[in-house]
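**Student:** Input: one structure, supplied below.
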Amino acid sequence: MKKVLVVVIICLLTVGFVWAAEKGATKDAQDLVDKAAAFYKSNGAEKTLAEINNPKGQFIKGDVYVFIWGTDYVVKAHPTNAKLVGKNLKELKDTDGKAFVFDGVELAKAKGSGWVDYKYTNPVSKKIEAKTTYVKKVDDLVFACGIYK
């Protein structure tokens, strides 16, 4: 009986730590998007896009970074994959068939901001993993920052 109780307590603690870590990461993602949006309002589009495209810029913190989609579904800035910049990703789907760029842009256009869930290749593990991305519309840009779950 004691062994079962110990296992249950360990499981609960593990779940609690994972939940707390994810909550912290989601806050980090939101804060980074808000910081990038404020930078845009102060400095304009040209400087903002250049800063976000910079892989050593202020809007990339380890594996958490801001990228920008346009309301036209075109990638405007991406610090870790420059090949995506200029591409229309409206039709891009994850492994479950979810058009996540379309969903993220539409969510931002409808509500101003929010979270979109999908699956994407984690650049660290090289595996497809569950990801959630915070999106925020400012003018015709959608600032985004995702975390792996």
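**Student:** Restricting to the range 29-66, what's the tally of residues that are over 15 Å from Val135 (Cβ atoms), in a helix (DSSP H, G or I) and of a type in the set (Asp, Glu)?
**Tutor:** Count: 2.
**Student:** Among Tyr73, Tyr65, Tyr118, which is closer than 21 Å to Asp31 by Cβ and among the aromatic types (Phe, Trp, Tyr)? So that I can check it myself, show each step before the final result.
**Tutor:** Working: Tyr73 fails: closer than 21 Å to Asp31 by Cβ; Tyr118 fails: closer than 21 Å to Asp31 by Cβ.
Only one candidate qualifies: Tyr65.
**Student:** With the structure loaded, tell me whether Glu91 is assigned to a strand (DSSP E or B), farther than 22 Å from Asp34 by Cα, charged (D, E, K, R) and over 12 Å from the mean Cα position of the chain (by Cα) or whether it fails that test.
**Tutor:** Working: assigned to a strand (DSSP E or B): no; farther than 22 Å from Asp34 by Cα: yes; charged (D, E, K, R): yes; over 12 Å from the mean Cα position of the chain (by Cα): yes.
Answer is no for this residue.
**Student:** Take the residues of the range 94-122 that are assigned to a loop (DSSP other than H, G, I, E, B) and over 13 Å from the mean Cα position of the chain (by Cα): which is nearest to Leu141 (Cα to Cα)?
**Tutor:** Gly112
This table checks each residue for (1) polar (S, T, N, Q); (2) touching a residue at least 60 places away in the same chain (Cβ under 8 Å).
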position	(1), (2)
Lys98	no, no
Tyr118	no, no
Asn122	yes, no
Thr133	yes, yes
Asp140	no, yes
Cys145	no, yes
Lys149	no, yes
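**Student:** Being out of contact with any helix residue (DSSP H, G or I) (no Cβ under 9 Å at 6 or more places or on another chain) and hydroxyl-bearing (Ser, Thr, Tyr) narrows it down to one of Thr95, Thr71, Thr48, so name that one.
**Tutor:** Working: Thr71 fails: out of contact with any helix residue (DSSP H, G or I) (no Cβ under 9 Å at 6 or more places or on another chain); Thr48 fails: out of contact with any helix residue (DSSP H, G or I) (no Cβ under 9 Å at 6 or more places or on another chain).
After applying the criteria, what remains is Thr95.
**Student:** With respect to Phe67, determine if the residue is under 17 Å from Pro123 (Cα atoms), at pLDDT 95 or above and touching a strand residue (DSSP E or B) at 6+ places or on another chain (Cβ under 8 Å).
**Tutor:** Details: under 17 Å from Pro123 (Cα atoms): yes; at pLDDT 95 or above: yes; touching a strand residue (DSSP E or B) at 6+ places or on another chain (Cβ under 8 Å): yes.
The answer is yes for Phe67.
The values are calculated or read from the model by the stated rules, or taken from the named source; none is laboratory data. These figures come from a predicted structure and were not determined experimentally. Glycine gets a Cβ as well: all are built from the backbone with ideal geometry, and neighbour counts include every protein chain shown.
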